[in-house]
C-alpha cells in the first residue's frame with residue numbers, strides 16, 4: 001500500500017476522534033493522539049507507532065472503544081489496529097520497537113465457568129432480572145486484568161494485606177481470613193489489590209466463580225430488582241458466587257437499609273458455604289457509622305487489614321515498577337524527586353508520573369530533573385504540600401550531608417545520632433504522627449526514645465550554638481514548603 005494511503009487513513013481517523021472528543025477535550029487529543037504516527041497499512045490492519053508501552057496501555061484502557069469504532073468506520077468491519085511501541089529511545093534515529101495488536105490482554109484469567117442462574121444478563125453487565133425458568137449463563141467477573149499481584153508493589157505499608165490476599169487466593173473460603181476486610185484512605189491500592197486477589201484466584205481455581213462489584217453497582221442492582229419484584233432472584237444470583245468482592249462498602253452507610261439487609265443474607269449464605277468474601281472500605285469495620293450493627297459484626301469475623309500510605313522507599317519502588325512495565329527509563333534523581341514530593345497517595349503519585357511522561361512525549365523533551373521540577377511543582381501548586389516524616393529525614397540528612405538511610409542504622413556515631421534526633425524532633429513538631437509511628441520510621445525506636453530525642457534537641461538548642469543554628473536553618477527550610 002502506498003505511503004499516502006496509510007497516512008490518509010490515519011488522518012481521517014484523527015479527524016473523527018477529534019470531532020468526537022470535542023473542543024473541551026482538546027488537551028486530551030493533543031496529548032494522546034497527536035503523538036501517534038502511522039507506519040503501514042496491510043489489508044485492513046493499520047500499524048501505528050506510539051512513544052512507549054505506557055502510552056499503549058493508556059490508550060487501550062481509556063480509548064479502546066473509540067479507536068476500534070473509528071478504525072472499523074475507515075477500514076470496514078474487519079478493520080484492526082497494531083501498535084509499534086518504542087521500547088528504547090536512547091537512539092532517536094533508530095529506536096528499538098516491539099509490535100502488539102490492539103486489545104492484547106489475555107482474558108483467560110477473568111472468565112468464569114457457566115452456572116445455572118434465574119436471570120438474564122445485559123450485554124457486558126451483571127444485572128439480575130426476573131426470567132422464567134433457569135438459564136445457563138457465564139457470569140463476567142468484572143476483574144480488571146491490569147491489576148495483578150505482579151505489578152502491585154509490596155512494602156511495609158501493605159504487606160499484611162497483600163500476604164493475606166495471597167493466602168485467600170490459594171485457599172478461598174477455607175481460611176480464617178473470611179471475610180477479608182481491607183481498609184485505607186483513598187488512592188492507596190485497595191481496588192488494585194482486591195482485583196489482583198480475584199485474578200490470582202481464577203488462575204489457581206478456574207472452576208470458581210469470582211465476581212468483583214462496587215457497592216454502588218450492587219445498590220443499583222438491588223433497586224432495579226425491587227422495581228421488578230425480583231429481590232429473591234437477585235439474592236439467589238449472588239448466592240451462587242464462589243468469591244464475592246465488594247468495593248467501597250462505606251457508601252452504604254446511613255442509607256441503603258434494604259440493600260444492607262439483602263447483603264446480610266447473601267453474606268450468611270456464602271459464609272456457610274465456605275465461599276470467600278472480600279470487602280474494602282475507607283474505614284475499619286468498627287469505625288463505619290450508619291451500617292447495621294449485625295452487618296458490622298459479620299465484617300469483624302475474619303481479618304481486617306489496613307493499607308497505609310507508602311513510605312518513600314515504597315513510592316520509589318512503585319515508580320520504578322511502573323516505568324519498567326512501560327519500557328521507560330528515568331534517572332534516579334528524577335524518581336527520587338517525584339517520590340519525595342508526591343506523598344499523599346499512590347493515585348497522585350502515578351498521576352504525576354503520567355503528566356510528566358505525557359508532557360515529555362507531547363513536546364518531544366527528554367525527561368530531566370529540571371523538567372521534572374517544573375512539572376511536579378505545578379502539579380502540587382494547587383494545594384499545600386504535606387510535610388511527612390520521610391521528607392523531614394531527607395531535608396535533615398541533606399543538610400548534614402548524610403545518606404538518608406543512615407537514620408535507619410543502629411550506629412552510635414554522633415552525626416548519625418544527631419540526624420535521627422533532629423528527624424524525631426521535627427516529626428513531632430510538624431507532623432500529626434504519633435510517637436510510636438515516629439519512632440518506627442526513625443530507626444524502629446520506641447516512643448520513650450522519641451521523647452528523649454526531642455528533649456535532647458531542645459536542651460542543645462539552648463546551650464549549643466551549632467545545634468541552635470542548625471535547628472533555625474531547618475525551621476526556615478520547612479517553613480518554605
- Is it the case that some residue within region 210-218 is more than 24 Å from the chain's Cα centre (by Cα) and free of Cβ contacts under 8 Å to residues at least 40 places away in the same chain? no
- Wholly inside region 257-366, helices (runs of 4 or more DSSP H) that include 1 or more residues that are surrounded by 16 or more Cβ atoms within 10 Å (Cβ to Cβ) and in contact (Cβ under 8 Å) with a residue 60 or more places away in the chain are 257-272, 293-299, 312-326, 346-363
- Message: I'd like the full set of residues that are in a helix (DSSP H, G or I), out of contact with any helix residue (DSSP H, G or I) (no Cβ under 7 Å at 6 or more places or on another chain) and either surrounded by fewer than 21 Cβ atoms within 10 Å (Cβ to Cβ) or not assigned by TED's automatic domain parsing to the domain that holds residue 211 (or both), limited to region 234-251.
- Response: 236, 250
- Considering only region 179-193, how many residues are in a loop (DSSP other than H, G, I, E, B) and crowded, with 21+ Cβ neighbours inside 10 Å? 4
- Message: Looking at 418, 393, can you tell me which residue is part of a helix (DSSP H, G or I), touching a helix residue (DSSP H, G or I) at 6+ places or on another chain (Cβ under 6 Å) and buried (at least 16 other Cβ atoms within 10 Å of the Cβ)?
- Response: 393
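If you take just the strands (runs of 3 or more DSSP E) that sit entirely in region 39-122, which of them hold at least 1 residues that are modelled with pLDDT of 85 or more and within 25 Å of residue 365 (Cα to Cα)?
Fully inside region 39-122 and qualifying: 45-50.
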- Message: Residues that are part of a helix (DSSP H, G or I) and either more than 20 Å from the chain's Cα centre (by Cα) or surrounded by fewer than 19 Cβ atoms within 10 Å (Cβ to Cβ) (or both): does region 194-202 have at least one?
- Response: yes
- Task: Considering only region 430-443, state which residues are in a helix (DSSP H, G or I) and in contact (Cβ under 8 Å) with a residue 24 or more places away in the chain.
- Result: 430, 437, 438, 441
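The values are calculated or read from the model by the stated rules, or taken from the named source; none is laboratory data. Quick caveat, the model's predicted, so the values are computed rather than measured. Neighbour counts are summed over all protein chains in view; Cβ atoms, including those assigned to glycine, are modelled from backbone coordinates with ideal geometry.
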